1. Give region 78-101 a look and list any residue that's surrounded by fewer than 21 Cβ atoms within 10 Å (Cβ to Cβ), hydrophobic (A, V, I, L, M, F, W, C) and in a helix (DSSP H, G or I), or say none.
2. Residues that are of a type outside the set (S, T, Y) and over 28 Å from A416 (Cα atoms): does region 59-73 have at least one?
3. Got a sec? Which of I418, I427, I399 is open to solvent by 30 Å² or more (accessible area, probe 1.4 Å), touching a strand residue (DSSP E or B) at 6+ places or on another chain (Cβ under 7 Å) and hydrophobic (A, V, I, L, M, F, W, C)?
4. Conditions: (1) without any contact (Cβ under 8 Å) to a residue 24 or more places away in the chain; (2) open to solvent by less than 50 Å² (accessible area, probe 1.4 Å). A409 meets all but one. Number of the miss?
5. Condition first: touching a residue at least 12 places away in the same chain (Cβ under 8 Å), of a type outside the set (K, R), on the phi < 0 side of the Ramachandran plot and part of a helix (DSSP H, G or I). Can you find one or more residues in region 102-112 that meet it?
6. Please tell me if R276 is more than 16 Å from the ligand (Cβ to nearest atom), open to solvent by 30 Å² or more (accessible area, probe 1.4 Å) and within 22 Å of E138 (Cβ to Cβ).
7. Restricting attention to region 232-243, and to residues there that are of a type in the set (G, A, S) and away from the ligand (no atom under 15 Å from the Cβ), which single residue is farthest from the chain's Cα centre (by Cα)?
8. Keeping to region 290-312, report how many residues are open to solvent by less than 10 Å² (accessible area, probe 1.4 Å) and not β-branched (V, I, T).
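The values are calculated or read from the model by the stated rules, or taken from the named source; none is laboratory data. As the structure is a computational prediction, the values presented were derived from the model and not from experiment. As a convention, Cβ positions derive from the backbone with ideal geometry for all residues, glycine included, and neighbour counts pool all protein chains shown. Remember, those area values only see protein heavy atoms, side chains included, never the ligands or the DNA or RNA. Shrake-Rupley method; radii C 1.70, N 1.55, O 1.52, S 1.80 Å.
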Amino acid sequence: MTDARRALPSVNTLLESPSVRPLLDRAPRGVVVDAIRRAIDAARSSPSSAPADDAGWAEAVASVVNATTRPSLRRVLNGTGVVLHTNLGRAPLPAVAIDAIARVASGFSNLEYDIDAGARGSRYTHCAALLRELTGAEDALVVNNCAAALVLALNTLADGRDAIVSRGELVEIGGSFRIPDIMAKSGARLVEVGTTNRTHVEDYRRAIGAETGIVVKVHRSNFELSGFVAEASAAELSEIATERRIPLLHDLGSGLMLALDDYGLAGEPTAADAIRAGATIVTMSGDKLLGGPQAGLILGTREALDRIRKNPLTRSYRVDKLTLAALEATLALYRDPPRARREIPALAQLTATVGVLRARAERMADDLQSSRVDVIDTLASVGGGAFPTARIPSVGLAISGHADAIERALRFAEPALIGRVFDGRVIVDLRTIFPEDDRQVIMTLRTALT
Ligand SMILES: *Cc1c(COP(=O)(O)O)cnc(C)c1O
């Protein structure tokens with residue numbers, strides 16, 4: 001037996017020691033005892049790194065206690081420059097949405113109670129009027145996410161029948177979500193028309209027959225087709241669908257509510273555009289460009305929405321009251337577009353000027369006083385399956401040195417700062433950092449630089 005192993009303290013000795021004992025004020029006894037055991041085990045299996053004294057043991061035990069007790073789901077700082085980053089939780093909520101959640105979560109609510117009538121009501125009424133007002137749709141329904149919205153709409157309107165979709169729109173959204181797979185699960189039979197690069201109105205017209213339940217148009221989300229391409233517009237498809245008396249479903253995905261052309265982001269239809277073009281049903285996400293909570297929005301005709309509400313499957317995608325509270329507050333901001341652009345964090349980040357970002361970056365670099373920190377021009381992006389090829393001019397801090405080690409140090413900080421490594425440097429893009437977090441970023445960078 002080595003000296004280090006012989007010198008290992010007992011669990012009880014450590015628990016009673018003046019430097020470990022105070023941990024009992026921060027964590028339950030069982031957690032501290034378990035952490036002590038793990039610290040002793042670690043010292044036994046790696047004697048050379050065993051703590052040398054009481055303070056060393058306290059530090060080892062505290063670090064295990066911290067790792068055990070900190071939440072699994074926690075805040076991070078997004079330095080990636082991707083505004084709607086699915087891995088980082090997509091849209092941050094506006095302050096009014098957080099307030100609305102707090103009000104509804106802390107007590108009882110009229111979630112399914114009609115206060116005027118003094119009788120049972122429906123949770124599905126809560127955002128419907130606002131969605132009608134903002135998009136021009138006859139009716140609206142909110143479910144858990146856009147994938148659920150799509151399955152529900154297809155299952156209700158085309159179960160056991162053909163769903164016609166262009167080969168150029170059979171998208172994989174990411175992870176395990178492929179449009180053709182989702183469509184198959186809905187019970188609709190996928191009928192592909194056209195080719196990868198070109199699909200014409202005539203292709204749809206020829207495919208429509210007695211078995212056709214629905215025509216589907218899917219937003220391409222995360223890629224663009226260019227070159228020798230053709231596609232049928234939503235308005236053209238609506239014309240054929242109306243003529244043949246079949247519904248048209250337009251899966252918009254991103255859920256743009258306000259045109260962003262003035263900010264260099266052009267070419268995506270808003271929800272109101274999609275309704276105006278004549279879709280029977282429009283589906284979209286709540287936490288992409290709309291900038292609200294995770295949700296799936298189904299907009300469309302009263303008749304189609306009535307049928308969807310009656311589908312028993314709707315119950316399994318039932319939206320939660322916290323989501324409805326946050327969504328209603330977020331949607332209400334859109335009644336005043338300049339206010340929506342200011343207060344919806346995703347829109348504020350997308351529309352911030354390069355001048356403002358550069359001034360912040362220069363202040364931060366001045367503060368850091370390090371020859372290893374440079375202010376550089378960067379290109380940010382929207383993310384979340386919207387404006388896939390748009391690159392937004394932005395500004396970042398570039399940190400020189402051992403890039404992988406720096407990236408890791410930033411990621412292990414609390415809160416973690418997620419940057420990216422480019423050209424041998426770590427880049428922290430300021431477009432996705434909130435100005436109120438600049439001080440935190442400075443502190444994290446300062447620590448990583450030493
Ligand atoms: C993102 C996206 C979806 C899925 O939306 P979720 O809300 O993540 O379920 C569906 N369709 C399109 C076109 C999308 O871009």
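1. Of everything in region 78-101, those that are surrounded by fewer than 21 Cβ atoms within 10 Å (Cβ to Cβ), hydrophobic (A, V, I, L, M, F, W, C) and in a helix (DSSP H, G or I) turn out to be L88, A95, V96, I98, I101.
2. Within region 59-73, the subset of a type outside the set (S, T, Y) is 59-62, 64-67, 70-71, 73.
Pick out the ones that are also over 28 Å from A416 (Cα atoms) and you get none.
No.
3. Values: I427 fails: open to solvent by 30 Å² or more (accessible area, probe 1.4 Å); I399 fails: open to solvent by 30 Å² or more (accessible area, probe 1.4 Å).
Going through I418, I427, I399 in turn, just one is open to solvent by 30 Å² or more (accessible area, probe 1.4 Å), touching a strand residue (DSSP E or B) at 6+ places or on another chain (Cβ under 7 Å) and hydrophobic (A, V, I, L, M, F, W, C): I418.
4. For A409, the exception is condition (1).
5. Taking region 102-112 and keeping what is touching a residue at least 12 places away in the same chain (Cβ under 8 Å), we get 103-105, 109, 111.
Of the ones still in play, those that are also of a type outside the set (K, R) are 104-105, 109, 111.
Still in the running and on the phi < 0 side of the Ramachandran plot: 104-105, 109, 111.
Narrowing further to those that are part of a helix (DSSP H, G or I): 104-105.
Scanning region 102-112 turns up at least one residue that is touching a residue at least 12 places away in the same chain (Cβ under 8 Å), of a type outside the set (K, R), on the phi < 0 side of the Ramachandran plot and part of a helix (DSSP H, G or I).
6. Numbers: more than 16 Å from the ligand (Cβ to nearest atom): yes; open to solvent by 30 Å² or more (accessible area, probe 1.4 Å): yes; within 22 Å of E138 (Cβ to Cβ): yes.
Taking the combined requirement at face value, the residue satisfies it.
7. A241
8. Here is the first cut: in region 290-312, the ones open to solvent by less than 10 Å² (accessible area, probe 1.4 Å) are 290-292, 295-300, 304-305, 308.
Okay, now just the ones that are also not β-branched (V, I, T), so 290-292, 295-297, 299-300, 304-305.
Adding up the residues that qualify gives 10.
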